[in-house]
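Peer 1: One structure, pasted below without further comment.
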């Protein structure tokens, strides 16, 4: 039995889940969707896709509430994505809120991530220079490899997920009788912990962020209004970045006094990961440690966050603000009146145009995964400043396209040149033959740095 449930009566035959499932683990039988548990990797994306809430996450909430009510010794392992999912949640106020619900101890899962990273680095040290190493912190990707790409198993680092590592730490610390509750936005992590014979019994129950949000609301507990309590764990600092794509690699990079012989790359999404596997088979990738995530943007964009789909860029900022990233270089300042988002918009538009796409606001919204009203406002502002212009379609006057003006192109080019000049010292070790492998990493790094410069337009 899996952790994903299905309410047949609510299914309206829209087939959205069928179209979305990249491993084809959902079938249509008797005009209703049907799961094939043996083929499901538990990425949970179908949960978000279903407009009728016919697909559900099997929850342990009643058992958890009974543990709390009976004052059993409970320990929370809180996934680091909470910093992005719960807005500007302060760790100490988050701990206070969970204590108010009745949990005995509150720890951050990220405190175990350091041990996971250390294991990764040990394997990197022992591996050949040309080796390809895949991280194993995403349970959905682990399931994907085991079920559909077993030839990738030799590349998969034999290290447990941070959730499992943390639960083992907590049980050793508090004793065998303690009840460990894992709180996260993930389906597969909790599912594997509860039913995989290799890890069964390590975690007692799983509480998803969406259910936690509802529980707090029913108890009228508002996190920003909670008096500061304390986490029962040490500050995990940079390990909190495990919640976002590239976070594992950031933690590896942050290790002092280490020289690494492998290049670094991260890939998110089931489809891109499968494309990566094909590249590995073809011998196109060598000398690389690769971070894999099933959710685009990392765990902050997990299927059980609750509410509407998260803005992963905003969530990334929420997480990054609470992480000490001394190693990150500063980007050049933006011109007066130019926001960091302008650079991102210019880059995306030009990228789409290079693919032969005549860009509309809807295309921009889809590509950036941002709400259309906000995109419309930003486009209008950029048009007023002369960086964009609108052109009516010759075929249909009702259709308007967006294109970059000469002024916008000059801004983008100038900023990119300054940006890459600032990055040059950090990239000197990358040989030309490995540059193509690192393109995606560089582009994501660009986005992250733009977000870090957000305060320029807020001054």
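Computed from the coordinates by the stated procedures, all read-outs in this text should not be read as laboratory data. All values reported here derive from a predicted model rather than from experimental measurement. As a convention, Cβ positions derive from the backbone with ideal geometry for all residues, glycine included, and neighbour counts pool all protein chains shown.
Peer 1: Taking segment 11-162 on its own, what percent of its Cα-Cα pair distances exceed 20 Å?
Peer 2: 67 percent
Peer 1: From the Cα gyration tensor of segment 77-120, with a ≥ b ≥ c the square roots of its eigenvalues, which class applies: rounded if a/c is under 1.5, or else prolate if a/b is larger than b/c, or else oblate?
Peer 2: oblate
Peer 1: Can you tell me which of 261-268, 401-408 comes out highest on packing, and rank the rest after it, using the mean Cβ neighbours within 10 Å?
Peer 2: So the peptides 261-268, 401-408, ranked by packing, come out 261-268, 401-408.
Peer 1: Extending each Cα 7 Å along its Cβ direction at residue 286 and residue 409, get the distance between those two points in nm, one decimal.
Peer 2: 4.0 nm
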